1. Hey, can you tell me all the residues within segment 1-56 that are surrounded by 15 or more Cβ atoms within 10 Å (Cβ to Cβ), among the aliphatic types (A, V, I, L, M) and touching a Phe, Trp or Tyr at 6+ places or on another chain (Cβ under 9 Å)?
2. Please indicate, with yes or no, whether at least one residue in segment 142-156 is at pLDDT 85 or above, surrounded by 13 or more Cβ atoms within 10 Å (Cβ to Cβ) and under 19 Å from Thr12 (Cβ atoms).
3. Run Glu39 past the list (1) free of Cβ contacts under 8 Å to residues at least 40 places away in the same chain; (2) in contact with a Lys or Arg (Cβ under 9 Å, 6 or more places away or on another chain); (3) part of a loop (DSSP other than H, G, I, E, B) and report the number of the one that doesn't hold.
4. Assess whether Ile75 counts as being crowded, with 16+ Cβ neighbours inside 10 Å, in contact (Cβ under 8 Å) with a residue 24 or more places away in the chain, touching a helix residue (DSSP H, G or I) at 6+ places or on another chain (Cβ under 9 Å) and not basic (Lys, Arg).
5. Test Ile81 against the criterion of being in contact with a Lys or Arg (Cβ under 9 Å, 6 or more places away or on another chain) and among the hydrophobic types (A, V, I, L, M, F, W, C), and give yes or no.
6. List the helices (runs of 4 or more DSSP H) that sit entirely inside segment 56-125 and contain at least 1 residues that are polar (S, T, N, Q) and over 20 Å from Thr21 (Cα atoms).
7. Taking the conditions exactly as written (more than 18 Å from Glu115 (Cα to Cα) and in a helix (DSSP H, G or I)), does Leu11 satisfy them or not?
8. Quick check: is even one residue across segment 47-56 within 12 Å of the chain's Cα centre (by Cα) and either over 23 Å from Leu87 (Cα atoms) or basic (Lys, Arg) (or both)?
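The values are calculated or read from the model by the stated rules, or taken from the named source; none is laboratory data. Because the structure is predicted, anything quoted here is derived from the model rather than measured. Reconstructed Cβ throughout: ideal geometry from the backbone, glycine too, with neighbour counts over all protein chains shown.
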Amino acid sequence: MERKYLYLDYLTCIGCETCETVCNFIHDGSPHIRIYVTENKQYLPINCKHCDDAPCVRVCPTDAIYRDEDGAVRIAENRCIGCLACLQVCPYGVPFYSLKVRAITKCDMCADRREVGLEPACALMCPAEAIQYGPLEMVLELVNERRARNIPEHRRELSEEELRKSVSSGYVLL
């Protein structure tokens, strides 16, 4: 199966917190995406980037963290021992210990929804379409289109290598 990516366009985000609200609802009061507001009032939705070379997968001593068939980095909560090694190596500080499930938890790109052919709720519900979900080619095309539209000095297209490198890290900075 082809890997899918969550693309967050920080320039398009309007800070409405819909992604956080719907994630909170779906995950019974534990949102796996959070909106942070910078000093200059820029809204930054932060969630797991599902990195190509995810350090959390490498460091987990029980192999509780794995990549599924869509490319999402997931946690098998029944194998997690709560050692917090994944939290220590995550460059985004995303995993968190849930007292409710007594294990580490994080964004799984709405695994339950994907299993029945639906996209992650944050991407579906985002009114500004700042969060998109799809295969690499779709994401790369969208990045070039939005980059050219939103940043005039960047009207050139990124090279394939530049695009793949930024997307494989799990996020794209425009």
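1. If the condition is that a residue be surrounded by 15 or more Cβ atoms within 10 Å (Cβ to Cβ), among the aliphatic types (A, V, I, L, M) and touching a Phe, Trp or Tyr at 6+ places or on another chain (Cβ under 9 Å), then Leu6, Leu8, Ile35, Ile46 are the ones that fit.
2. Checking segment 142-156: at least one residue is at pLDDT 85 or above, surrounded by 13 or more Cβ atoms within 10 Å (Cβ to Cβ) and under 19 Å from Thr12 (Cβ atoms).
3. (2)
4. Answer is yes for this residue.
5. No.
6. Passing ranges, in order: 85-89.
7. no
8. yes
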